[in-house]
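Below you'll find the structure, written out as structure tokens, and then a few comments.
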Amino acid sequence: ILSPLSPILYHANMDKLQLYRKRSKQLYYAFVLSLTITFLACLPLYFYFKLPVHPDLSRSMFFFLSVMGLAILPIGLLIKKRAFPVDSSKDPYWSYTATRRYFWLFLLSLVPFAFSFIVFIVFALIEVLLLGYVLSLCGLILVRPKEEDVR
């Protein structure tokens, strides 16, 4: 049923969609920025906490992190494929639903960096921290918000 208010309501919904897309990109950039700031803050600390570490420990942590990252990236892509798109015309809480899904996807993408950060705190392995940063950044890039995620 079309009413005289239909075009106005349609425009209001489109304005909300555009605003939401802008806010979801800001949430994405906040995650990327927090990841980068944490990584850059750890770099100067390496010279203070550098310890002699057995090469086998370094290689095993590097290998474990590589396997973890290569397992988490496809899982994140699969979840994004199944969780999106969110239809704003059918779900009355579409913005909450989409934000929640983005948040958990971004958090899943940061798991390699979180593991490497813990390893860095305990053993001061800079190469593991660098790999965790690269894997998490790649994961964030792969699950970034797109226009077609919310219709």
Name the residues whose placed amide hydrogens come within less than 5 Å of the amide hydrogen of Val86, ignoring near sequence neighbours (fewer than 5 apart) on the same chain. Val150, Arg151
Relative contact order for the chain: what is it in percent, counting Cα pairs under 8 Å that are at least 6 residues apart? 36
Fluctuation leader among Phe117, Phe106, Phe47 - the chain, Gaussian network, Cα springs under 10 angstrom: Phe47
Please give the calculated 222 nm ellipticity per residue for the chain, where each DSSP H segment of at least 4 residues contributes -39500 (n - 2.57) and the sum is spread over every residue; nearest 500 deg cm²/dmol? -28000 deg cm²/dmol
So Asp56 and Cys138, fully extended at 0.36 nm per residue minus their Cα-Cα distance, gain in nm 26.9 nm
Accessible area per residue, 1.4 Å probe, Å², for the range 25-138: what's the number? 60
If you place +1 on the Cβ of every Lys and Arg, -1 on the Cβ of every Asp and Glu, and leave all else neutral, what size is the dipole of the range 38-136 about its Cα centre, to the nearest 20 Debye? 260
Qualifying trypsin sites (Lys or Arg not before Pro) in the range 60-150, DSSP loop, other Cβ atoms within 10 Å at most 16: Lys90, Lys146
Would you kindly derive the ³J(HN,Hα) couplings of the range 117-134 from the backbone phi angles with the Karplus curve 6.51 cos²θ - 1.76 cosθ + 1.60 (θ = phi - 60°), listing them in order in whole Hz, with x for Gly and Pro? 5, 5, 5, 5, 5, 7, 10, 6, 9, 5, 5, 6, 5, 5, 5, x, 5, 5
As an exercise, find the ratio Rg/Rh for the chain from alpha-carbon atoms, using the Kirkwood inverse-distance average for Rh. 1.16
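The values are calculated or read from the model by the stated rules, or taken from the named source; none is laboratory data. As the structure is a prediction and not an experimental result, all values here were calculated from the model. Quick reminder, even Gly has a Cβ in these numbers, built from the backbone with ideal geometry, and neighbours come from all protein chains shown. Calculation scope for accessible area: heavy atoms of the full protein, side chains included, ligands and nucleic acids excluded. Shrake-Rupley method; radii C 1.70, N 1.55, O 1.52, S 1.80 Å.
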